[in-house]
């Protein structure tokens, strides 16, 4: 959604409302005034659905096409291998990974977003390195177990009662020696007055780590860093500091 891609940036997300400047750098974000109105005027139960995101993508491109900052920070020093990008949105993260030698499986709930991402990959000359998959993370969709050297999801923020099961599916897809990267919006920056979102939609990094409850075969880092972003994204946005929730976990065995 990129977040509801907060669910997709979505980077994806997407099932999420995504983030701005990066912005998406990735995929999604709450968007400018017209995009934010879409959230406010839609039943929250529909924020995470295929039809909601298809409508958003039909209106116009949402994200910048750049890779999300947290992915760049994490993956720049990783050895390219097999990557799973969940909630890929318009494909910014998937294209960045493919250009650096990764073989990428990129999934999203929105066929319209996926088609835009496919076109971007063809234009960038990396289509051969990306497999696109229409998938809804809230469904019984489950990625192949222990199959990926990197599993990344950016700003896909489902309701809290669904989040643990979603994150555990992603962790199970990480191969020994691989990395799980979950980047989410933090309530400090994305909930409350002036937004259509309540704080219970957003988990801190520590809360995400507690929900995953990974054993000692994993090395886990849970942080809530800030970054500068144009928010809301677009010509009317203002440069401001936003907070993310970032969980990085490396599977030792």
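A short reminder: the numbers here are calculations on the coordinates, not readings from a lab. Just so it is clear, the structure is predicted and the values come from calculations on it, not from any experiment. As a convention, Cβ positions derive from the backbone with ideal geometry for all residues, glycine included, and neighbour counts pool all protein chains shown.
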Label-to-label distance, nm, for residues given as residue 241 and residue 218 (7 Å Cα→Cβ offset): 3.0
Whether region 99-253 is rounded, prolate or oblate, judged on the alpha carbon gyration tensor where a/c under 1.5 counts as rounded: oblate
Segments 217-226, 46-55, 151-160 sorted - mean Cβ within 10 Å per residue, highest first: 151-160, 46-55, 217-226
Sites residue 72 and residue 40 - FRET efficiency at Förster radius 25 Å, r taken between beta-carbons, to 0.05: 0.20
FRET E, pair residue 115, residue 168, Förster distance 35 Å, beta-carbon r, rounded to 0.05: 0.75
Full-stretch length increase - residue 133, residue 198 - with 0.36 nm per residue and alpha-carbon distance subtracted: 20.4 nm
Spacing of the two label points (7 Å from each Cα toward its C-beta) at residue 140 and residue 227, in nm: 3.6
